[in-house]
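The structure appears below as C-alpha cells.
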Amino acid sequence: MFFSSIYQRVSRLYRPACLLFLFSSISLLALAQTNLSFHLLSGYLLSPDAKINKGKATLFVFQEADTFADTFKPATTTSKRPELPNFKRDMVIGIVTPATSKPPRLSVSRVFVQDSTLTVRYIRLADTTKQTQTSVVQPTLVFSIPKQSVLRARLIENGKLIQTIKQTESATN
C-alpha cells in the first residue's frame with residue numbers, strides 16, 4: 001500500500017514531463033531532413049523553346065519522361081550518348097543558369113526533403129580566367145534523385161534562396 005501511493009505520486013508528477021518529452025521527440029522526427037542521393041546526368045542541352053527565368057537560375061522538377069524530353073535535348077556535340085533516367089524509380093532535377101560567355105562551375109552540394117519540400121542546394125563558382133569563349137553558353141546541371149512526394153521545391157544558390165516552385169508548376173516543368 002505504501003509503495004503504491006508513492007508510485008502514484010511520482011507518476012502524477014512525472015507524467016507531464018514524460019508527455020512533453022514524447023511529443024517533442026515526435027515533432028523532431030517530423031521535422032527531420034531526409035538527405036537524398038543524386039546521380040548527375042551528362043549530355044543534355046536546354047531546348048531553345050524552354051521557359052526560363054531571365055537573369056537568374058531556373059529550377060525544373062520532372063516526374064515524367066515526356067516533359068523532360070520537351071525541356072532537355074540530348075547533346076549532339078558529344079560522341080557519348082546521354083544517360084536516360086529511369087522515371088519509374090527516379091525523378092529528374094534540372095538547374096539552368098543565365099547564358100554567359102564565361103561559364104561558371106556548378107556543383108550540387110546537398111539535396112534533401114523536409115516537410116514535403118524538396119530543397120536543392122548548389123554552388124556556383126565564377127570562372128576567374130581572363131579568357132572568354134567565342135559563343136554564349138547556357139550552363140546546366142541535370143541529375144536524378146529517388147522518386148519523392150513533394151509539394152514544393154526550393155533552389156538555393158550559394159546559400160541564397162533563388163526560386164520556390166509549387167507542385168502544380170513543377171508538374172508542368
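Which count do you get for residues in the range 134-159 that are of a type in the set (S, T, N, Q), in contact (Cβ under 8 Å) with a residue 40 or more places away in the chain and part of a loop (DSSP other than H, G, I, E, B)?
So the answer is 2.
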- line: Contact list, first residue from the range 84-107 and aliphatic (A, V, I, L, M), second anywhere and in a loop (DSSP other than H, G, I, E, B) and open to solvent by 20 Å² or more (accessible area, probe 1.4 Å), beta-carbon distance below 7 Å, six or more apart or interchain, is M91/Q63; M91/K147; M91/Q148; V92/P85; V96/I52; V96/Q138; A99/V136; A99/Q138
message: Suppose we filter the range 103-133 for residues that are hydrophobic (A, V, I, L, M, F, W, C), more than 22 Å from Q63 (Cα to Cα) and outside any loop (DSSP other than H, G, I, E, B); how many remain?
response: 3
Members of the range 90-102 that are in contact with a strand residue (DSSP E or B) (Cβ under 7 Å, 6 or more places away or on another chain) and either part of a loop (DSSP other than H, G, I, E, B) or within 15 Å of K56 (Cα to Cα) (or both): G94, I95, V96, T97, A99, T100
- prompt: Tally time: how many residues in the range 92-102 are buried (at least 17 other Cβ atoms within 10 Å of the Cβ) and touching an Asp or Glu at 6+ places or on another chain (Cβ under 9 Å)?
  reply: 2
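The values are calculated or read from the model by the stated rules, or taken from the named source; none is laboratory data. Please read these numbers as outputs of a predicted model, since none were measured by experiment. Please note: Cβ atoms are built from the backbone with ideal geometry, for glycine as well, and neighbour counts cover all protein chains shown. Ligands, DNA and RNA are excluded from the accessible area calculation, which covers all protein heavy atoms including side chains. Shrake-Rupley method; radii C 1.70, N 1.55, O 1.52, S 1.80 Å.
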